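A.B. asks: Attaching a single structure in structure tokens format; questions to follow.
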Amino acid sequence: MKQKKKWCVGLCVGIFLGFSIESSAVADTLEVTPLSTIERKTTHKKSEDVTENFIEKIGETARDIGQKEDLYASVMIAQAILESGSGQSELSQAPYFNIFGVKGQYEGKGVLLPTQESDSQGRMYTTKATFCQYDNYEASLNAYAKLIKNGLSHDPSFYQGTWKSVASDYTAATHFLTGRYATDPHYHEKLDKLIINYELTDYDKATKNTKETTDYILPLDDPIVTSTYGKRGQSFHRGIDLAMDEGTKIQAAGEGRVTRATYHPSWGNYVTILHPDGLTTLYAHCKKNLVQVGQEVQQGEQIALVGSTGNSTGPHLHFEVNRSQSLVQEQLLDPIEVLENN
């Protein structure tokens, strides 16, 4: 049953193995090379946020293509992460947008870059090769999908073992790619780890419902709103602040699965919950977190205690609602509007 929403607003606004592919649908001349062999400039930002932001950029496109082409979007995204260094390689960035290391030309466009090859004795040497140049990530993802669906000129079924109608799950698809797309015998292990760590199987589902269909409730009973969502001077306030006595019970705004329960220098102790409709709620500055990652919680269940940890000037709850598990600012929603829509 939906809880009646009550609050007061305070006065302070507080690769495969060197094959050449002739497929005009994909590229004029096409070949895949692991990006680890390409001599290119790569930024050294290798944080979790970089990967999550990259997933945010390509995830929904990969989902749509996967549904349309009978492919595992999770595998597609994991390969893009691995082959492009989470979108940090020179080849994967503008103006090339080649996130799978595809050689050749695409619609007449290509870029000549240094790459490492091996001779008949297995010795590595540096040469130059032409790599496909795309207009955007979507074009690169579509070209990859056509490659996996169309196979090689001499073997159209070369990648058939990765199709969802053939592979029983994503692990079967990653195993099939090993030795075909890349020579690395541990290729499937690396892909599987990325899929698990970043929960990429969510993108294998047909749709991601981002409508606010859950009946959310206030995480505190009768709080005072001391700061609202949006611009606050020269900064941007990501959520709403709810003033309450330290130690007050914080309850889950809706049922879901705990995805984070940790400490952050700004948020202090905080908890995030992924809800069935695809939204994620965040509860920050907690005195103590009372749940663990992976735990399923019910609406109204106690998940933490009000505190003042992190960047905080007094006991309160900072509450956010986000369309994305990565918590990027571009996917934030105004919590008050979400609550008022229920």
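A.B. asks: If R₀ is 35 angstrom, what is the calculated FRET efficiency for the pair Glu337 and Asn311, using the beta carbon separation as r and rounding to 0.05? Each step should come with its number before you reach the end.
C.D. replies: Working: r = 25 Å, r/R0 = 0.71.
Efficiency, rounded to the nearest 0.05: 0.90.
A.B. asks: Sticking with this one: Can you compute the modelled spin-label distance between Ile196 and Asp215, with each label point 7 Å from Cα toward Cβ, in nm?
C.D. replies: Rounded to a tenth, the inter-label distance reads 3.8 nm.
A.B. asks: Could you tell me what percent of the accessible area of region 258-338 is made up of carbon and sulfur, with a 1.4 Å probe and every protein chain present?
C.D. replies: Answer for region 258-338: carbon and sulfur cover 44 percent of the accessible area.
A.B. asks: Using 14 Å as the cut-off for backbone N distance, which residues of region 143-170 belong to the label zone defined by a point 7 Å from the Cα of Lys68 along Cα→Cβ?
C.D. replies: Answer for this model: 143-147, 149.
A.B. asks: So, one more: On average, how much accessible surface per residue is there in region 138-224, in Å², for a 1.4 Å probe, leaving out ligands, DNA and RNA?
C.D. replies: 47
A.B. asks: Could you give the accessible area per residue of region 290-341, probe 1.4 Å, as a whole number in Å²?
C.D. replies: So region 290-341 comes to 46 Å² accessible per residue, rounded to a whole number.
A.B. asks: Working out 0.36 nm times the residue gap between Gln292 and Tyr125, then minus their Cα-Cα distance, what length gain in nm do you get to one decimal?
C.D. replies: Full extension from Gln292 to Tyr125 adds 55.1 nm.
A.B. asks: Can you give me the distance in nm between label points at Ser168 and Gln329, each placed 7 Å from the Cα along the Cα-to-Cβ direction?
C.D. replies: In this crude spin-label approximation the distance works out to 4.7 nm.
A.B. asks: Leaving out ligands, DNA and RNA, what percent of the accessible area of region 84-193 is carbon and sulfur, probe 1.4 Å?
C.D. replies: Carbon and sulfur together cover 48 percent of it.
The values are calculated or read from the model by the stated rules, or taken from the named source; none is laboratory data. Here the structure is a predicted model, which is why all the values come from computation and not from measurement. Using ideal geometry, Cβ is built from the backbone for each residue, glycine included, and neighbour counts are taken over all protein chains shown. SASA here: full protein model, heavy atoms, side chains in, ligands and nucleic acids out. Shrake-Rupley method; radii C 1.70, N 1.55, O 1.52, S 1.80 Å.
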